[in-house]
1. Among the trypsin sites (Lys or Arg not before Pro) within region 105-179, which fall in a DSSP loop and have no more than 10 other Cβ atoms within 10 Å of their own Cβ?
2. Multiplying the sequence separation of residue 31 and residue 69 by 0.36 nm and subtracting their Cα-Cα distance, what value in nm do you get?
3. Springs between alpha-carbon atoms under 10 Å, Gaussian network over the chain: tell me which of 49, 24, 136 tops the mean-square fluctuations.
4. For the chain, which whole-number percentage of the solvent-accessible area (1.4 Å probe, protein heavy atoms only) is attributable to carbon and sulfur atoms?
5. Collect residues whose amide H, placed 1.01 Å from N in the peptide plane, falls under 5 Å from the amide H of residue 13; neighbours closer than 5 in sequence don't count.
6. Give the accessible surface of the chain per residue, rounded to a whole number of Å², with probe radius 1.4 Å and ligands, DNA and RNA excluded.
7. Under a cut-off of 22 Å between alpha-carbon atoms, report the lysines in cross-link reach of residue 130, not counting same-chain residues fewer than 8 places apart.
Amino acid sequence: MYKYKNTKIGLVKGDITKMETEAIVNAANNTLLGGGGVDGAIHRAGGPIILEQCKKIGGCPTGEARITTAGNMPSKYVIHTVGPIYKDGTKGEDKLLYNAYYNSLKLAKEYKLRTIAFPSISTGAYNYPKEEASKIALQAAMDFIDRENEINEIYYVLFSNEDYNLYKDLLEKNNLEKA
Ligand code: ADP
C-alpha cells in the first residue's frame with residue numbers, strides 16, 4: 001500500500017471482478033453492450049442486470065463514464081468508462097485516457113463512493129502502450145486527489161506480472177509514501 005495525501009493507493013494482481021471496493025471500473029466500449037477482456041469478465045461475473053442497465057444508458061463517448069450496479073459481484077457499482085483506441089499517439093489518445101480515469105473518479109464522488117478499483121484501461125485490445133498508460137492513470141488520480149481530496153482508496157488491479165511490476169516501479173519512482 002502507498003499513500004498520496006490522505007488517499008491510499010494499492011496494487012493488486014488478479015481479477016477485478018473479485019474486488020470488494022465500492023466501485024470497480026470497467027474498460028468498456030462506446031456501445032456499453034459488452035466486449036472481451038475485462039468487460040466480458042465483469043458482465044459474466046455480475047450477471048445480466050448490468051447489461052440491462054447499460055442498454056438503458058444507451059452508450060458512452062470515449063473519455064466519459066457511466067454507472068450501473070455490480071449485480072452478483074462483491075462491489076456495489078460498476079463505473080463503465082471508455083478509453084481510446086491507440087493509433088499513433090497523435091490523435092489525442094493521452095487526453096482521452098486521462099479523462100477516462102478522471103471522469104470515473106468524478107462519478108464515484110457524485111455517488112459518494114470512497115473506494116474504487118481500476119483495470120489498466122486501453123492497454124489490452126485497444127493497444128495503448130502500457131508504460132505511458134500507467135503514468136496517465138497515476139497522474140489523473142493525483143490530480144483528482146489534489147483538487148477534490150474525496151476518495152479514500154484507489155486500487156490498480158493488474159492482470160499480468162508485467163503490468164503489476166510496471167505499476168510498482170512507477171509508484172516507487174513517484175516517491176509515494178508507504179502506508
Ligand atoms: P481495452 O479494450 O480498454 O484495451 P481490455 O479488457 O482488452 O481493455 O484490456 C485492459 C486490461 O485489462 C488488460 O491489461 C487485460 O489484461 C486486463 N484484464 C482482462 N481481464 C481482467 C480482469 N478480469 N481483471 C482485471 N484486469 C483484466
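1. Numbers: sites: 106, 109, 112, 114, 130, 135, 147, 168, 173, 178; in loops: 112, 114.
Those that pass, being in a loop and sparsely packed, are 112.
2. Numbers: separation 38, 0.36 × 38 = 13.68 nm, distance 1.74 nm.
Roughly 11.9 nm would be gained on extension.
3. Most flexible of the set in this elastic network: 49.
4. Details: 4080 of 8560 Å².
Answer for the chain: carbon and sulfur cover 48 percent of the accessible area.
5. Sorted by chain and number, the residues that satisfy this are 158.
6. On the way: 8560 Å² over 179 residues.
With all protein chains present, the chain gives 48 Å² per residue.
7. 13, 87, 91, 95, 168, 173
The values are calculated or read from the model by the stated rules, or taken from the named source; none is laboratory data. Note that the structure is predicted; figures quoted are calculated from it, not measured. With ideal geometry, Cβ positions are generated from the backbone for all residues, glycine too; neighbour counts draw on all protein chains shown. To get the accessible areas, we keep the full protein, side chains included, count just its heavy atoms, and leave off ligands, DNA and RNA. Shrake-Rupley method; radii C 1.70, N 1.55, O 1.52, S 1.80 Å.
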